[in-house]
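Read through the structure below, which is laid out as structure tokens, and then see the notes.
No value in this document is a laboratory result; all are computed from the given coordinates. Since the structure is predicted, the reported quantities are computational estimates derived from the model, not experimental observations. Note that each Cβ is placed from the backbone with ideal geometry, even for glycine, and that neighbours are counted across all protein chains shown.
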Amino acid sequence: MTNEETRAGKAVRLKREYPKDLESNFVSNMVVQHQPDFFVLSFFEIWPPAILGDTEEERQEVLESIEEVEAKCVARLVITPSKMREFLKVMSENWERYEKMVAELQAASEQE
């Protein structure tokens, strides 16, 4: 996304502000829904249950007794199709940069 927004023909710098009480959450599951005029992106945090026991049989019993795992919705965003297109473009560009960075780090690590 750009650092400027154009309004009435004038480019205005955006000053992004993060509230002091803004939480960061680990997202391990997402749901994307859409209607003709908007997308709904729901982000969920899922923590697997602890499977404890002294023997393999005890751990298997615990595992078999689990019927569901809670998925806590930590954020939900509603965006227009044009912003969704922009979001996908930005994510794709960032993914490419991420892959390049990881490849460079792996190459440097292999040279050591």
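Got a sec? Charge dipole of the chain, +1 on Cβ for Lys and Arg, -1 for Asp and Glu; which of 31, 82, 42 is way out at the positive end?
Checked the options; the winner is 82.
Suppose every K and R has +1 on its Cβ and every D and E has -1 on its Cβ; what is the size of the dipole of the stretch 25-79 about the Cα centre, in Debye to the nearest 20?
620
The chain: Rg/Rh from Cα coordinates, Kirkwood Rh?
Ratio of gyration radius to Kirkwood radius for the chain: 1.13.
Nearest 20 debye, what's the magnitude of the dipole of the chain about its Cα centre given +1 on Lys and Arg Cβ and -1 on Asp and Glu Cβ?
1500
Please give me the summed charge of the neighbours of residue 93: other residues whose Cβ is under 14 Å from its Cβ, Lys and Arg +1, Asp and Glu -1.
Every neighbour counted, the sum reads +1.
So if R0 is 30 Å, what FRET efficiency would residue 90 and residue 47 give, r being the distance between their Cβ atoms, rounded to the nearest 0.05?
For R0 = 30 Å, the calculated efficiency reads 0.55.
For the stretch 4-43 and the stretch 72-104, write down the distance between their C-alpha centroids in whole Å.
Spelled out, the Cα-based centre of one part sits 11 Å from the other.
Applying the Karplus parametrisation 6.51 cos²θ - 1.76 cosθ + 1.60 with θ = phi - 60° to the phi angles of the stretch 69-80, what ³J(HN,Hα) value in whole Hz is obtained for each residue in order, glycine and proline being reported as x?
10, 6, 10, 8, 6, 9, 6, 9, 10, 10, 9, 6
Which whole number in µm²/s is D for the stretch 25-79 by Stokes-Einstein, with the Kirkwood Rh taken over Cα pairs at 10 °C and 1.306 mPa s?
117
What angle do you read, to the nearest 10 degrees and between 0 and 90, between the alpha-carbon axis of helix 56-65 and the longest principal axis of the chain?
60
Where a Cα-Cα gap under 23 Å defines reach, which lysines qualify for residue 10, not counting those fewer than 8 residues away within the same chain?
Output for residue 10: 83.
Treating the angle as unsigned and between 0 and 90°, give the value, to the nearest 10°, between the Cα long axis of helix 81-111 and the longest Cα principal axis of the chain.
Approximately 60 degrees, to the nearest ten.
Report the residue, chosen from 67, 86, 23, that carries the largest GNM mean-square fluctuation when the chain is represented by alpha-carbon nodes joined by springs under 10 Å.
Judging by the Gaussian network model, the answer is 67.
As a test of the formula, what do you get for the chain when each DSSP H run with n ≥ 4 contributes -39,500 (n - 2.57) and the sum is divided by the residue count, at 222 nm and rounded to the nearest 500 deg cm²/dmol?
Result for the chain: -12500 deg cm²/dmol, rounded to the nearest 500.
Suppose R0 equals 35 Å. What FRET efficiency, 1/(1 + (r/R0)^6) with r the Cβ-Cβ distance, do residue 76 and residue 111 give to the nearest 0.05?
The calculated FRET efficiency here is 0.20.
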